[in-house]
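Encoded as structure tokens, the structure appears first; notes follow it.
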Amino acid sequence: MLSVKRGFSLIEVMVALVILVVGLVGVFNLHIISKRGSFESFQQTQASYLTNDIINRMKLNRTQLTSYAGTYNGGQSKPAKSCDVAAGGAAVICTNTETMLWDLYQWELQFGGGSERVNGRSTGGLDTATACIRVSGTGAVLVVMTWKGIRAVSDGTKNAADAFIGACGDEGYEMKRRRAYSINTVII
């Protein structure tokens, strides 16, 4: 009696490999999508931090509140006087105007991640960031931070109830990739 040994045929092996490759491609694409989502989330967290940072700086310098109003894109030049207050450092006395200029310089430096440096390069900032600040005489403050996202989405701010939000950060990148974060508060 002859014994017949059975094994996998070449066709079965090829089908199994195709199924494995399709699965691996799916896992790889899922990894790419999750990295993009993580980066978009990081960018929104940075925008939230920057928006709250300038509001807190404005609260500490209320007498110059209206002087903070304007549009900023990270290009502020360093003021003549450094108003950093470091623990244990030399006492620096600045006027309210000097403090306001220093606040705006430090804040704009963070747009591109200037406070976080790795191998001499800025990291952790926003891509093509623009910020707009509006201050009314009653102390109402609107801070808008815009930046360029990774993928195209619809821009809901163009039809916003407040045209100031939609007008902030238009130039420099395509509108379908525009992201916006805003905080409306009162400083009294």
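No lab work stands behind these numbers, since they all come straight from the coordinates. Keep in mind the model is a prediction, meaning the values are calculated, not measured. We place every Cβ from the backbone using ideal geometry, glycine too, and count neighbours over all the protein chains shown.
For the chain, list log₁₀ I(q)/I(0) at each q in 0.17 Å⁻¹, using the Debye formula over Cα point scatterers of equal strength and ignoring solvent, two decimals each.
One equal scatterer on each Cα of the chain leads to -1.14.
How large is the charge dipole for the chain, taken about the Cα centre, if only the Cβ atoms of Lys, Arg (+1) and Asp, Glu (-1) carry charge, to the nearest 20 debye?
Charge dipole of the chain: 500 debye, to the nearest 20.
Can you tell which of Gly26, Gly139, Gly114 shows the greatest fluctuation in a Gaussian network model of the chain with Cα springs below 10 Å?
Gly26
Can you give the local net charge around Leu142? Use residues other than it whose beta-carbon is closer than 11 angstrom to its beta-carbon, Lys and Arg +1, Asp and Glu -1.
Every neighbour counted, the sum reads 0.
What is the order of Leu50, Leu20, Leu10, Leu109, fewest Cβ neighbours within 10 Å to most?
Leu10, Leu20, Leu109, Leu50
Tell me the angle of helix 96-111 to the major Cα principal axis of the chain, expressed in degrees between 0 and 90 and rounded to the nearest ten.
10
To the nearest 10 degrees, how steeply does helix 10-60 sit against the main Cα axis of the chain, on a 0 to 90 scale?
Result, in degrees: 10.
Where Lys and Arg each count +1 and Asp and Glu each count -1, what net charge lies around Trp107 among other residues with Cβ under 11 Å from its Cβ?
Local net charge: -2.
Net charge near Ile187, counting Lys/Arg +1 and Asp/Glu -1 over other residues with Cβ under 9 Å of its Cβ?
+2
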